[in-house]
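Trainee: Here it is, the structure in full.
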Amino acid sequence: MRKLKNEELDRLEVSEFKTAEKSPILIILDNIRSLNNIGSVFRTSDAFLIEKIYLCGITAQPPHNDIRKTALGSTETVDWEHFENTIAIVEKLKSENIKICSIEQAENATMLNDFEPKPNEKYAFVFGNEVKGVAQNVVDASDVVIEIPQYGTKHSLNISVSCGVVVWDVFSKMKKPI
């Protein structure tokens with residue numbers, strides 16, 4: 001088996017990405033501290049044609065060198081918008097019939113492996129602060145809370161890893177044949 005060269009990967013140009021059909025997935029970052037995590041979320045969002053990222057509260061915004069390092073140009077492809085208050089974008093998206101899904105460990109959470117996205121629904125996944133998680137008022141406003149099952153001693157994943165796990169899982173469930 002031969003590794004493919006970069007020029008063999010059939011990547012979209014920025015203009016092609018902008019006009020490509022997007023996944024019915026939005027990302028909300030709730031007060032993320034690490035610029036590297038933010039850049040990684042942009043990169044994951046590019047990989048799975050995420051429609052938009054909402055950067056909320058203290059979450060830094062492009063352009064920034066530390067975001068750029070991990071984003072590898074994806075801040076130029078993935079649409080984003082900043083909101084001072086996470087709950088404001090949650091309420092706005094809910095009014096547009098977008099399902100709000102907080103990724104958090106909570107009572108009565110739905111395990112990610114049991115979560116089944118519905119056809120023709122759009123979802124916004126909220127990822128929280130590296131220490132405090134998703135704010136309680138955002139959890140309260142969510143349509144569902146999804147927990148990533150974990151079996152080790154830490155029961156904690158880096159925000160960028162959590163985003164990758166959730167986006168891949170939901171994307172693959174949405175793309176499977178009916």
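Trainee: At R0 = 22 Å, how high is the FRET efficiency between Ile58 and Ala20 if r is their beta carbon distance? Nearest 0.05 is fine. Walk me through the numbers before you get to the answer.
Mentor: Values: r = 31 Å, r/R0 = 1.41.
FRET efficiency, Ile58 to Ala20: 0.10.
Trainee: Rg and Dmax in Å for the chain, alpha carbons only: what are they?
Mentor: Final numbers for Rg and Dmax: 16.0, 51 Å.
Trainee: Looking only at the range 144-168, which residues have a backbone nitrogen under 13 Å from a spot 7 Å from the Cα of Asn36 in the C-beta direction?
Mentor: Residues 158-161 fall inside that zone.
Trainee: Another question, then. Taking square-rooted eigenvalues a ≥ b ≥ c of the alpha carbon gyration tensor, is the range 8-65 rounded, prolate or oblate, where a/c under 1.5 means rounded and, failing that, a/b exceeding b/c means prolate?
Mentor: Values: a/c = 2.47, a/b = 1.73, b/c = 1.43.
The shape class here is prolate.
Trainee: Among the lysines, which have Cα under 23 Å from the Cα of Lys69 when same-chain residues fewer than 8 positions away are ignored?
Mentor: Lys5, Lys18, Lys52
Trainee: Can you list residues whose amide H is under 5 Å from His82's amide H, if they're 5+ apart or on another chain and H is modeled 1.01 Å from N?
Mentor: HN-HN under 5 Å from His82: Leu55.
Trainee: Which Rg and Dmax, in Å, describe the Cα atoms of the range 1-41?
Mentor: 15.3, 43
Trainee: Let me ask another. What are the ³J(HN,Hα) values, in whole Hz, obtained from phi via the Karplus relation 6.51 cos²θ - 1.76 cosθ + 1.60 with θ = phi - 60°, for each residue of the range 10-26 in sequence order, with x given for Gly and Pro?
Mentor: 6, 7, 6, 6, 4, 5, 5, 4, 4, 9, 5, 5, 9, 5, x, 10, 10
Trainee: In terms of modelled amide H atoms, which long-range or inter-chain residues lie less than 5 Å from the amide H of Phe48?
Mentor: Counting only residues 5 or more places away or on other chains, the set is empty.
Trainee: Still on this structure, I have one more. In the neighborhood of Val139, defined by Cβ-to-Cβ distances under 15 Å, what is the net charge if each Lys or Arg adds +1 and each Asp or Glu adds -1?
Mentor: Details: positive: Lys94, Lys99, Lys132; negative: Asp30, Glu91, Glu104, Glu107, Asp140, Asp143, Glu147.
Net charge around Val139: -4.
Trainee: Next question, about the same structure. Just order 108-121, 48-61, 150-163 by mean Cβ neighbour count inside 10 Å, highest at the front, would you?
Mentor: Details: 108-121: 11.9, 48-61: 19.4, 150-163: 13.6.
Top to bottom by mean Cβ count within 10 Å: 48-61, 150-163, 108-121.
Trainee: Place a point 7 Å from Cα of Glu51 in the direction of its Cβ. Which residues in the range 61-82 have their backbone N less than 17 Å from it?
Mentor: 78-82
Trainee: Rolling a 1.4 Å sphere over the protein heavy atoms, what is the accessible area per residue of the range 54-178, to the nearest Å²? Can you show the working numbers first?
Mentor: Values: 7040 Å² over 125 residues.
Accessible area per residue: 56 Å².
Trainee: Another question, then. Once you put a point 7 Å from the Cα of Asn6 and another 7 Å from the Cα of Glu130, both along the Cβ direction, what distance in nm separates them?
Mentor: 2.7 nm
Trainee: Do the sum for the chain: with -39,500 (n - 2.57) for every DSSP H run of n ≥ 4, divided by all residues, what is the mean residue ellipticity at 222 nm, to the nearest 500 deg cm²/dmol? Numbers along the way, then the final one.
Mentor: Details: 6 runs with 59 residues, N = 178.
The helix contribution divided over the chain gives -9500 deg cm²/dmol.
Trainee: With a bin width of 10 angstrom, please list the P(r) values of the range 69-125 as percents of all Cα-Cα pairs, from the 0 bin to the one holding the largest distance.
Mentor: All Cα pairs, binned at 10 Å, distribute as 17, 37, 38, 8 percent.
Trainee: At a threshold of 8 angstrom on Cα-Cα distance, excluding pairs fewer than six apart, so keeping six or more, what relative contact order does the chain reach in percent?
Mentor: Numbers: 305 pairs, mean separation 43.1, N = 178.
Averaging sequence separation for qualifying contacts and normalising by length gives 24 percent for the chain.
Trainee: Continuing with the same structure: Would you mind telling me the share, in percent, of accessible area of the chain contributed by carbon and sulfur at probe 1.4 angstrom?
Mentor: On the way: 5060 of 10350 Å².
Reported share for carbon and sulfur atoms: 49 percent.
Trainee: Something else: Note down the net charge around Thr59, summing +1 for each Lys or Arg and -1 for each Asp or Glu among other residues with Cβ under 9 Å from its Cβ. Walk me through the numbers on the way to the answer.
Mentor: On the way: positive: Arg33; negative: Asp30.
Charge balance near Thr59 sits at 0.
Trainee: Ok, one more. Once the other residues with Cβ under 13 Å from the Cβ of Ile89 are scored (Lys, Arg +1; Asp, Glu -1), what is the net sum? If you can, show how the numbers build up before the last one.
Mentor: Working: positive: Lys52, Lys92, Lys94; negative: Asp30, Glu81, Glu84, Glu91, Glu96.
So the surrounding residues net to -2.
Trainee: Mind listing the phi-derived Karplus ³J(HN,Hα) values for the range 32-45, rounded to whole Hz, using 6.51, -1.76 and 1.60 with θ = phi - 60°, and x for any glycine or proline?
Mentor: Once rounded to whole Hz, the list reads 7, 7, 7, 5, 5, 4, 4, x, 5, 5, 4, 5, 4, 5.
Trainee: Quick query: amide H of Thr59 versus all other amide H atoms, modeled in the peptide plane; which residues come in under 5 Å with a sequence gap of 5 or more or a different chain?
Mentor: Those lying under 5 Å, H to H, from Thr59 are Asn31, Ile32.
Trainee: For the range 154-159, in order, what is each residue's ³J(HN,Hα) by Karplus, 6.51 cos²θ - 1.76 cosθ + 1.60 with θ = phi - 60°, in whole Hz (x at glycine and Pro)?
Mentor: The phi angles translate into 8, 6, 7, 10, 4, 4 Hz.
Trainee: Which shape class applies to the range 82-178: rounded if a/c is under 1.5, otherwise prolate when a/b exceeds b/c and oblate if not, where a ≥ b ≥ c are the square roots of the Cα gyration tensor eigenvalues? Show your work: numbers first, answer last.
Mentor: On the way: a/c = 1.71, a/b = 1.02, b/c = 1.68.
It comes out oblate by the Cα gyration axes.
The values are calculated or read from the model by the stated rules, or taken from the named source; none is laboratory data. Owing to the predicted nature of the structure, the values given are computational and were not obtained by experimental measurement. Because the Cβ atoms are built from the backbone with ideal geometry, glycine has one as well, and the counts that use them run over all protein chains shown. Surface areas here come from the heavy atoms of the whole protein model, side chains and all, with no ligands, DNA or RNA. Shrake-Rupley method; radii C 1.70, N 1.55, O 1.52, S 1.80 Å.
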